[in-house]
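Only one structure is covered here, and it is reproduced in the block below.
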Amino acid sequence: MGGMGKTTLARALYNSIFKDFEGSAYIDDIRETSQGSEKMVPLQQNLLYQMLMIKETSLNSDAEGCRFIKDRLFRKRVLLILDGVDDICQVDSLAKEHSWFGEGSRIIITTTDKSLLSVIGACIHEVQCLNDDEARELFEKHAYRSKEKNITRDLVNSLTKEKRENLVNRALQYAQGLPLALVVLGGSFAASGEEDWEGKLDNFTKRSDQAIDKKLRISYDKLNEDNKDIFLHIACFFNGWKRTYVEGVLKNCGLPVSGVKDLIQRSLIMEENGTLKVHDLIELMGKNIVDRECRHDAAKRSRLWRREDVIDVLSRNEGTDAVNAIVLALPNPETIDIRSEAFAKLKNLRFLIIINVKTNFRDPICLPRKLGWFEWPECSASSLKLTSPDNLSILAVRKGLFT
């Protein structure tokens, strides 16, 4: 996951030990500066400059750079940090084999893709979110930037101690130990008066900050189209659902269930005791991606999960062929007026899961042809007209489950 502090830790480690080596180099922003093998030459030149203080190294190709690095450094004990790696080719161009460097050398790689490290046989250290005490310390360091301000804040600011503590706790809950979020949110608090903190926090929780969003999207942007779909399904619908169930839905939609493992390897989602988990900020990023498909009209978005959006589309017959999935799982039973003809406009709907919603249809529902999964336990089977769907394989309604 981006924003975990991998770069900060790597830089701190580098600064503390680089003098113990015969040569050292810290190559940063590898992800941003390398797109294709021809882009690796400047990074190879940067490595050689830092290691050997060679200002101008004439390299005509990536392959020539590899040979040059090996020839000049194979006897030197070096420290090399490769920050922001997202492709095995980047490692191959800068540090493909241990034999390129002398005995006792250390190569440290930061990445959001655990599978990449497994391929090269690296020892993996997975950076964890900060615990509660660490998170509070980092947040307050940025929210109260000077000792003087920290000492006098109870006397000069407008918030009561109880109100301030409540807002700080909300901020910590929002960040969930993610260092980048703590720094950004703390800085935002520091730049404004305490009377504005609540409004700042409300804005953060409704839509992700641009700096945070940019960092978190790094892993998402590298996904193939299938895995992007899988991620958005999980972020919008299935945070906290059983993995086996979710994989069943995905498979039914023609998506490869192997994508779930890939998302876990890229730290976009987690699995705990068979349940899929998504960090709140990662979830918010995914939902924002869908919201941006059409800011002002939920019926023109690919996924619907908010109660008000689902009701607008199904009770007011405002659906469009942009919608391909609907999941509404209410905590308590509700009766909602849903029009049977609403489904006719959802021509590209692939799955629909509605839990704890009761309704009385005036006419039978004509299900979309592309629908593959229809799960609505409170819906009566007698309300369905099953002449249309070509792909329907899961039907879970009041009278049971049919496959």
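The values are calculated or read from the model by the stated rules, or taken from the named source; none is laboratory data. Since we're looking at a predicted model, the values are computed, not measured. When we count neighbours, we look across all protein chains shown, and the Cβ atoms used for this are built from the backbone with ideal geometry, even at glycine.
Numbers below:
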{"read-out": "Candidate set from the stretch 18-36 (those that are modelled with pLDDT of 85 or more and among the charged types (D, E, K, R)); member that is farthest from T8 (Cα to Cα)", "value": "E22"}
{"read-out": "Residues that are in contact (Cβ under 8 Å) with a residue 40 or more places away in the chain and over 20 Å from T7 (Cα atoms), drawn from the stretch 90-103", "value": "S93, G102"}
{"read-out": "Selection count, the stretch 232-275, where residues are of a type in the set (S, T, Y), surrounded by fewer than 19 Cβ atoms within 10 Å (Cβ to Cβ) and touching a helix residue (DSSP H, G or I) at 6+ places or on another chain (Cβ under 8 Å)", "value": "1"}
{"read-out": "Condition check for L276: of a type in the set (A, V, I, L, M, F, W, C), over 18 Å from the mean Cα position of the chain (by Cα) and under 20 Å from D226 (Cβ atoms)", "value": "no"}
{"read-out": "Pick from the stretch 214-231, criterion surrounded by 20 or more Cβ atoms within 10 Å (Cβ to Cβ) and not β-branched (V, I, T), ranking: farthest from D29 (Cα to Cα)", "value": "D229"}
{"read-out": "Hits in the stretch 327-351 (condition: buried (at least 21 other Cβ atoms within 10 Å of the Cβ) and either outside the structural domain of S302 (by TED's automatic domain parsing) or closer than 10 Å to V310 by Cβ (or both))", "value": "L328, I338"}
{"read-out": "Checklist (1) of a type in the set (G, A, S); (2) closer than 30 Å to L223 by Cα; (3) out of contact with any strand residue (DSSP E or B) (no Cβ under 9 Å at 6 or more places or on another chain) applied to S16, failing item", "value": "(2)"}
{"read-out": "Given (1) more than 15 Å from S302 (Cβ to Cβ); (2) in contact (Cβ under 8 Å) with a residue 24 or more places away in the chain; (3) assigned to a strand (DSSP E or B), index of the condition E378 fails", "value": "(3)"}
{"read-out": "Odd one out for A396 among (1) modelled with pLDDT of 90 or more; (2) assigned to a strand (DSSP E or B)", "value": "(1)"}
{"read-out": "Failed condition for Y144, given (1) hydroxyl-bearing (S, T, Y); (2) surrounded by 13 or more Cβ atoms within 10 Å (Cβ to Cβ); (3) modelled with pLDDT of 90 or more; (4) over 22 Å from the mean Cα position of the chain (by Cα)", "value": "(3)"}
{"read-out": "Residue within the stretch 228-237 that is in a helix (DSSP H, G or I), at pLDDT below 85, in contact with a Lys or Arg (Cβ under 9 Å, 6 or more places away or on another chain) and not aromatic (F, W, Y) present", "value": "no"}
{"read-out": "Hey, K55 over 34 Å from the mean Cα position of the chain (by Cα), at pLDDT 90 or above and not polar (S, T, N, Q) or not", "value": "no"}
{"read-out": "Condition met for L47 (within 30 Å of D221 (Cβ to Cβ), in the same structural domain as A10 (by TED's automatic domain parsing), outside any helix (DSSP H, G or I) and in contact with a strand residue (DSSP E or B) (Cβ under 6 Å, 6 or more places away or on another chain))", "value": "no"}
{"read-out": "Among (1) farther than 30 Å from A135 by Cβ; (2) modelled with pLDDT of 90 or more; (3) not in a loop (DSSP other than H, G, I, E, B), the one test that K39 misses", "value": "(2)"}
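Quick grid of which residues meet (1) surrounded by 19 or more Cβ atoms within 10 Å (Cβ to Cβ); (2) modelled with pLDDT under 85:
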{"residue": "A325", "(1), (2)": "yes, no"}
{"residue": "I353", "(1), (2)": "yes, no"}
{"residue": "D363", "(1), (2)": "no, yes"}
{"residue": "C379", "(1), (2)": "yes, yes"}
{"residue": "L392", "(1), (2)": "yes, yes"}
